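Engineer: Provided herewith is a single structure, encoded as structure tokens, for subsequent inquiry.
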Amino acid sequence: MKKIFLGISVILTGILLSACGSVDNLSNDTNSSGSSKAKTQLTGQTNTGYYQGVIKNGRYQTSKSRGVSVQQESNQFNIKGFENGLLNISKKQFSTKKYIFQEGQYLSTKRVEAWLERKSKSNPSGLNPKQSKSTNPNTRTPVYLSQIDEQDFMTQNGKSLSLQGMTIGLAINSVDYYKKTQYGPTYETHISNAQVNKEGKKIAGQVLQRLRQNKKLKNIPIVIALYKQASDDSLVGGNFFAYATNNSGANTISKWTKVKQKNYVFPLQSNKKGPSQNDEDSFDNFKSQVQTFFPNLSGVTAQAQYTDGSLTGMNIDITTQFYSQTEIISFTQYIQSAAQKYLPANAPIDITVQSTEGIQSFLSRKTNEKKFSAHIFNSY
């Protein structure tokens, strides 16, 4: 029985609203029905790396289907990686300087739910294959499609906004979890990379044809991106492996662009090999230095993302047992020095220091910057 995971849109709303700069007052009919005009504002833009968002009648335009999935997602890294990665792919086609971002307004929750179901007599629109009679993990037909995400891109003309493009993300399972009986144990069907690629592209073609049946989507560019989900026990999310840019009017996919992206957890497990020994050594040296000088640590781990074999980002989590504010200050200052000395250069790196009490400090360095900026969280 399908469960629905609903993402917390309020958090995103708060983030966007807090970033508001100058706001344009627009009168437009950008809602999908087009039946009435609404007072529309833009969130403003903190920097050119982010899109402006759409606010209607004082409320942020949340997605109509965001967070709908085949099953309750137990790996939150998949959700974050899927949404963030999809936004990065969108930026390749829709420049943040020219386009305005709007959460998906054309795929309703009901429609996405139906598409994510298995195909059956009662649900002919299901994009997942019909239920097989076999319940054997090696012979049953798995559920391939797990999530669908829609992103809309607008342009401003005078006082109105118009839809000029769309990106659709399709998350494909690498492992399908299922039960033979309602309250029985959970079984796994592993899906090969070749099958993930084949089924993902097949489903993408069907989605494009369905989108083109909507008159408002017939003559806009539509980007469709494929994401391979990580297993539930993975400490990192999955990765995008292909996307296709379909120009105005095209209802079949003629060309795919490969995405060579992979995520790793540092320190690596003994039976795994990473793409860069230098990066592994750099992290190990940083970890060793931090743990030597400040022994009250529960763990130092990192998520690292590589694109085309090169490090494109690293998120480091340090869990402490510090409760004294002076300890936190001293520790953060030491981390800042050690990070600049030991961690890989020329890649964006975020470092979060936290305990059971919450986040204590945060350090960050952007691409091509030499120094880490730091913020220590205080209370009054």
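The values are calculated or read from the model by the stated rules, or taken from the named source; none is laboratory data. Note that this is a predicted model, so its numbers are computed, not measured. No Cβ is skipped: glycine too gets one built from the backbone with ideal geometry, and neighbour counts run over all protein chains shown. Please note that ligands, DNA and RNA were not included when accessible areas were found on the heavy atoms of the full protein model with its side chains. Shrake-Rupley method; radii C 1.70, N 1.55, O 1.52, S 1.80 Å.
Engineer: Output the residues belonging to the range 266-297 that are small (Gly, Ala, Ser) and open to solvent by 80 Å² or more (accessible area, probe 1.4 Å).
Structural biologist: Residue satisfying the conditions is Ser270 alone.
Engineer: Just wondering, is there one or more residues in the range 78-88 that are open to solvent by 10 Å² or more (accessible area, probe 1.4 Å), modelled with pLDDT under 85 and in the same structural domain as Asn157 (by the TED database)?
Structural biologist: no
Engineer: Considering only the range 108-180, give the strands (runs of 3 or more DSSP E) lying wholly within it that have at least 2 residues that are farther than 21 Å from Leu87 by Cβ and not polar (S, T, N, Q). So that I can check it myself, show each step before the final result.
Structural biologist: Working: elements: 145-157, 160-172, 175-179.
In the range 108-180, the matching strands (runs of 3 or more DSSP E) lie at 175-179.
Engineer: Being surrounded by 14 or more Cβ atoms within 10 Å (Cβ to Cβ) and out of contact with any Gly (no Cβ under 9 Å at 6 or more places or on another chain) narrows it down to one residue among Gly184, Gly165; which is it?
Structural biologist: Gly165
Engineer: Still on this model: Taking Gln305 as meeting all but one of (1) open to solvent by 60 Å² or more (accessible area, probe 1.4 Å); (2) part of a helix (DSSP H, G or I), write down the number of the exception.
Structural biologist: (2)
Engineer: Taking Ser254 as the residue in question, decide whether it is within 26 Å of the chain's Cα centre (by Cα), open to solvent by 40 Å² or more (accessible area, probe 1.4 Å), of a type in the set (Ser, Thr, Tyr) and in the same structural domain as Ser162 (by the TED database).
Structural biologist: It is true that Ser254 is within 26 Å of the chain's Cα centre (by Cα), open to solvent by 40 Å² or more (accessible area, probe 1.4 Å), of a type in the set (Ser, Thr, Tyr) and in the same structural domain as Ser162 (by the TED database).
Engineer: For the range 279-299, indicate whether the set of residues that are more than 28 Å from Gln336 (Cα to Cα), touching a Ser or Thr at 6+ places or on another chain (Cβ under 6 Å) and outside any loop (DSSP other than H, G, I, E, B) is non-empty.
Structural biologist: At the first step, the residues of the range 279-299 found to be more than 28 Å from Gln336 (Cα to Cα) are none.
No, the range 279-299 contains no residue that is more than 28 Å from Gln336 (Cα to Cα), touching a Ser or Thr at 6+ places or on another chain (Cβ under 6 Å) and outside any loop (DSSP other than H, G, I, E, B).
Engineer: Just one of (1) within 26 Å of Ser234 (Cα to Cα); (2) assigned to a helix (DSSP H, G or I); (3) open to solvent by 10 Å² or more (accessible area, probe 1.4 Å) trips up Asp317, so point out which.
Structural biologist: Among (1) within 26 Å of Ser234 (Cα to Cα); (2) assigned to a helix (DSSP H, G or I); (3) open to solvent by 10 Å² or more (accessible area, probe 1.4 Å), Asp317 violates only (2).
Engineer: Check off (1) over 22 Å from the mean Cα position of the chain (by Cα); (2) at pLDDT below 85 for Gln61 and give me the number that stays unchecked.
Structural biologist: The one condition Gln61 does not meet is (1).
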